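Only one structure is covered here, and it is reproduced in the block below.
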Amino acid sequence: MTTASLRLALVGAPNTGKTSLFNRLTGSTQKVANYPGVTVERKSGSFVTPEGRSVTVLDLPGTYSLRGRSPDEEITRDIVLGRFKGEAVPDLVLCVADATNLRLTLRLVLELKQIGRPMLLVLNMIDIARRRGVTIDLERLSQELGLPVTTAVAVRKGGVDDLLKRTDELMARVQEAQAASQWTAPTIADLKAAQREADRIIAASVTLPAKPDTLTNRIDAVVLHPVWGLAILALILFVMFQAVFSWAQPAMELLSDSFSALGQWIHDVLPEGWGLLQSFLQNGVISGVGSVIVFLPQIIIIFLFILLLEDFGYMARAAFLMDRIMGGAGLHGRAFIPLLSSFACAIPGIMSTRVIDNPRDRLTTILIAPLMTCSARIPVYTLIISAFVPATKVWGWINLQGLVMFGLYAAGITSALTVSAVAKFFLWRDHAPAPFMLELPDYKVPRLRSIAIGIFNRAKAFLYRAGTTILSMMVLIWFLASFPTAPAGAEGPAINYSFAAMIGHALEPLLRPIGFNWQIAVALIPGMAAREVAVAALGTVYSIEGGKEAADAIGQVLAQKWTLATALSLLVWYIFAPQCASTLAVIRRETGSAKWMVVTFVYMLALAYVASFLTFNLAQALGIH
Amino acid sequence: MTSDPNNSQDIRLGHADRGFVGKITRLDALVTGSSLSPQELEQRLVEMGFVEGARVEILHEGTIRRDPIAVRVDSTTIALRRSEAMAVIVE
Ligand SMILES: Nc1nc2c(ncn2[C@@H]2O[C@H](COP(=O)(O)OP(=O)(O)OP(=O)(O)O)[C@@H](O)[C@H]2O)c(=O)[nH]1
Ligand SMILES: [Mg+2]
């Protein structure tokens with residue numbers, strides 16, 4: 001046995017459970033969801049087999065063929081063909097198939113056989129196949145394919161025991177001479193022949209139950225109904241935003257009260273003469289970072305909804321329902337899921353545009369993804385909505401705040417579609433977007449564990465940001481807002497003499513036409529790093545400014561200091577403004593040039609300014625103060 | 001299998017209604033409204049399992065102009081637009 005670890009690669013059609021297997025084998029928590037195209041990167045992990053072999057395993061994007069049509073499929077192709085830079089060909093290819101739906105993977109298996117690597121076919125999701133009464137003659141299948149075959153249940157403990165055993169057996173023989181790759185890109189005739197061969201093998205080794213499972217079809221009869229389907233989609237989004245406001249309230253109040261108490265406690269505990277430290281902790285850290293952390297419950301609720309829908313299998317259906325509308329705006333059929341992921345955060349959304357084959361269509365999708373309402377906008381929106389929109393009920397049951405939130409999301413979607421349509425009209429008029437072709441997976445019962453892991457990962461990322469980006473920005477702001485200190489005998493709040501005020505006042509003329517005061521100007525600059533920073537910065541600036549409201553929560557302070565026109569203008573600003581450095585960096589990386597990063601920044605900034613200008617002036621003209 | 005292009009039994013899947021059940025007789029990507037080249041369209045359809053002899057059924061259709069459609073192809077369900085489904089000849 002060599003000491004070098006053996007390399008395994010997970011290859012298969014999309015949504016067959018490769019990432020679930022990867023997580024089960026390596027103990028990782030990579031993203032798993034019930035739609036095709038979740039994984040768009042190569043991920044590496046390691047584990048030790050029962051016989052003590054150390055193994056490195058690669059999780060790869062799903063693909064229907066080795067053709068490499070889109071950037072994600074190219075990764076898979078290059079890895080298995082040994083073309084990927086810095087990555088040797090895998091010692092063993094684990095070909096993962098969905099046992100309930102073998103057709104497309106088996107054709108891929110026939111294609112993969114040509115690369116001449118040792119291979120093991122894993123029939124995953126065998127639990128579902130068994131429950132449905134599908135019987136698979138493993139011996140026959142193995143014989144027909146000329147490959148070892150095993151079954152697995154990636155999502156169950158012990159579900160990969162057999163797979164591990166077979167891996168050990170195969171690994172013991174892996175040193176045997178390996179044939180060179182015979183792979184050449186298949187022609188259409190080859191593909192058809194391979195599919196027919198796959199179908200023949202399936203007919204010979206798989207027995208379907210007399211009564212097929214029709215549950216997915218029955219659910220779809222409602223969910224994809226021409227009328228009810230769209231109504232249900234709208235209802236789901238609507239309930240989601242109502243929930244964000246109604247369910248999160250108690251938890252938010254608890255958090256916000258705890259932070260005030262903590263601030264007060266620090267105030268009381270620190271001895272006289274420690275004023276500077278006390279101000280730093282109370283105004284900088286607690287009023288700043290604390291004002292962002294308060295929004296954790298809402299982030300969790302939004303993700304709970306998104307993760308449930310993803311695991312259930314609804315995302316592909318939503319793409320189906322929205323296809324004509326998206327196509328009308330000049331978007332590629334597969335743009336929907338990346339855009340939907342951008343509701344969480346534009347960064348994974350932009351990454352997942354890798355499933356789009358046409359570079360132009362992919363670029364359009366990347367450019368508009370930051371307009372989708374990401375979760376970092378939630379603190380900003382919620383803060384302003386809670387301060388300015390009364391929590392009354394419309395028609396007795398609709399929470400008005402939730403309704404406004406829903407409207408802001410709708411505005412984000414509408415503007416994204418409009419930008420796409422405009423871009424298509426002016427830039428790429430001759431270019432017809434590529435069609436929509438997507439596998440609709442069977443529904444699955446959402447798995448509690450994976451939902452919990454998903455929420456935990458998001459919450460962790462949120463708190464991590466609060467503790468790093470936001471905290472460091474707060475230190476900066478606190479410093480700028482506290483120094484230089486006011487001269488002796490000066491009038492008004494000390495902050496008026498600080499650097500922050502100087503910067504804010506210098507920028508104010510630029511922002512006055514859209515209704516922003518100097519405090520907002522100060523908050524927007526560090527807010528370029530991340531959107532939530534603005535909330536924290538406002539918290540710090542107003543809390544250092546002090547006055548009789550200093551002890552109140554930031555929301556109440558804003559309600560007293562801003563006009564409604566200013567608040568509306570800032571809300572609209574946040575629909576468009578490119579206030580996220582990481583998103584811009586990802587755009588640069590994924591498009592391979594700084595040009596599109598600059599384009600995104602400029603167009604979003606311009607849209608934000610114009611839209612806020614119109615909103616502010618319209619609001620004033622209507623007499624809203 | 002019918003190969004006569006003028007066979008009156010031939011229907012393009014893109015024209016079929018919801019509930020249609022049939023068998024693929026051949027692919028003909030030359031005259032569709034798709035933005036893809038015939039070669040590319042045919043290849044994609046084959047990759048998604050649309051090959052001669054496969055059983056197809058139109059399960060669902062979209063709201064606007066009954067487009068896109070969800071098609072059961074043997075054991076898989078594929079959503080696609082009618083303009084691409086035009087390349088699939090069924091009987
Ligand atoms: N019941 C059951 N569900 C499974 C099993 N393996 C995976 N799943 C579910 O199948 C869905 C797809 O799993 P993923 O691991 O994301 O599939 P993937 O192959 O990585 O998908 P792509 O990255 O899109 O190619 C998820 O909803 C999983 O929870 C299994 O063995 N049994
Ligand atoms: Mg995956």
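No value in this document is a laboratory result; all are computed from the given coordinates. No experiment lies behind these values; they were computed from the predicted model shown. In this analysis, Cβ positions are derived from the backbone assuming ideal geometry, glycine residues included, and neighbour counts consider all displayed protein chains.
When the P(r) of segment A:6-207 is calculated, the portion above 22 Å amounts to 44% of the C-alpha pairs.
The equivalent ellipsoid that matches the C-alpha gyration tensor of segment A:69-150 spans semi-axes of 26, 15, 10 angstrom, in descending order.
Between the alpha-carbon centres of segment A:320-351 and segment A:391-439 there is a gap of 10 Å.
Between segment A:206-275 and segment A:27-42, the C-alpha centres lie 22 angstrom from each other.
Spin-label model, A:Ala486/A:Ala221: points 7 Å from Cα along the beta carbon direction are separated by 7.3 nm. Straight-distance candidates among the lysines for linking to A:Lys393, with alpha-carbon spacing under 30 Å and chain neighbours fewer than 8 residues away dropped: A:Lys561. Sort segment B:14-90 into rounded, prolate or oblate with this rule: let a ≥ b ≥ c be the square roots of the eigenvalues of the Cα gyration tensor; rounded if a/c is under 1.5, and if a/c is not under 1.5, prolate when a/b is larger than b/c, oblate otherwise. Here segment B:14-90 falls in the oblate category.
Over chain A, Cα pairs under 8 Å with separation of 6+ residues give a relative contact order of 12 percent.
Only aspartates and glutamates eight or more places from A:Lys460 in sequence, or on another chain, were considered; those with a Cα closer than 16 Å are A:Glu532.
Residue separation times 0.36 nm, minus the C-alpha to C-alpha distance between A:Phe613 and A:Lys211: what's the value? Length gained between A:Phe613 and A:Lys211: 138.5 nm. Here is the tail figure for chain A: Cα pairs spaced more than 39 Å apart come to 39 percent of all pairs.
Helix-only estimate, please: 222 nm mean residue ellipticity of chain A, summing -39500 (n - 2.57) across DSSP H runs of length 4 or more and dividing by its residues, to the nearest 500. Helix contribution divided over all residues of chain A: -17500 deg cm²/dmol.
Per-residue Karplus couplings for segment A:103-108, computed as 6.51 cos²θ - 1.76 cosθ + 1.60 with θ equal to phi - 60°, are listed in order as 3, 6, 5, 4, 5, 5 Hz, Gly and Pro entered as x. Here's the picture: a label point sits 7 Å out from the Cα of A:Arg429 along the beta-carbon direction, and within segment A:354-379 nothing has its amide nitrogen under 17 Å of it. A simple packing score, the average count of other Cβ atoms within 10 Å per residue, orders the peptides A:218-227, A:533-542, A:121-130 as A:533-542, A:121-130, A:218-227, with the highest score first.
Values of log10 I(q)/I(0) for segment A:469-527 across q = 0.12, 0.16, 0.18, 0.28 Å⁻¹ run -0.30, -0.51, -0.63, -1.09, by the Debye formula with one identical scatterer at each alpha carbon and no solvent. Length, then width, then depth: along the principal axes, the Cα atoms of segment A:430-502 run 73, 48, 18 Å. What's the center-to-center distance, using Cα atoms, between segment B:16-91 and segment A:101-141 in Å? Taking the Cα centre of segment A:101-141 as reference, the centre of segment B:16-91 is 25 Å away. Cα extents for segment A:570-625 along the principal axes, largest to smallest and rounded to whole angstrom: 48, 15, 9.
For A:Arg7, nonlocal amide neighbours, meaning residues 5 or more places apart or on other chains whose placed amide H falls under 5 Å from its own, are A:Thr56, A:Asp91, A:Leu92.
Helix A:581-591: angle to the longest alpha-carbon principal axis of chain A, degrees 0 to 90, nearest 10? Computed tilt is about 30 degrees. Relative contact order for segment A:6-207: 22 percent, from Cα pairs under 8 Å spaced at least 6 residues apart, divided by residue count.
On C-alpha positions alone, give me the angle between the axis of helix A:248-269 and the longest principal axis of chain A, in degrees, nearest 10. For helix A:248-269, the angle is close to 50 degrees. Summing charges over neighbours of A:Ile219, with a neighbour being any other residue whose Cβ is under 13 Å away from its Cβ, gives 0 when K and R count +1 and D and E count -1. Taking the C-alpha atoms only, the angle from helix A:499-511 to the longest principal axis of chain A is near 80 degrees.
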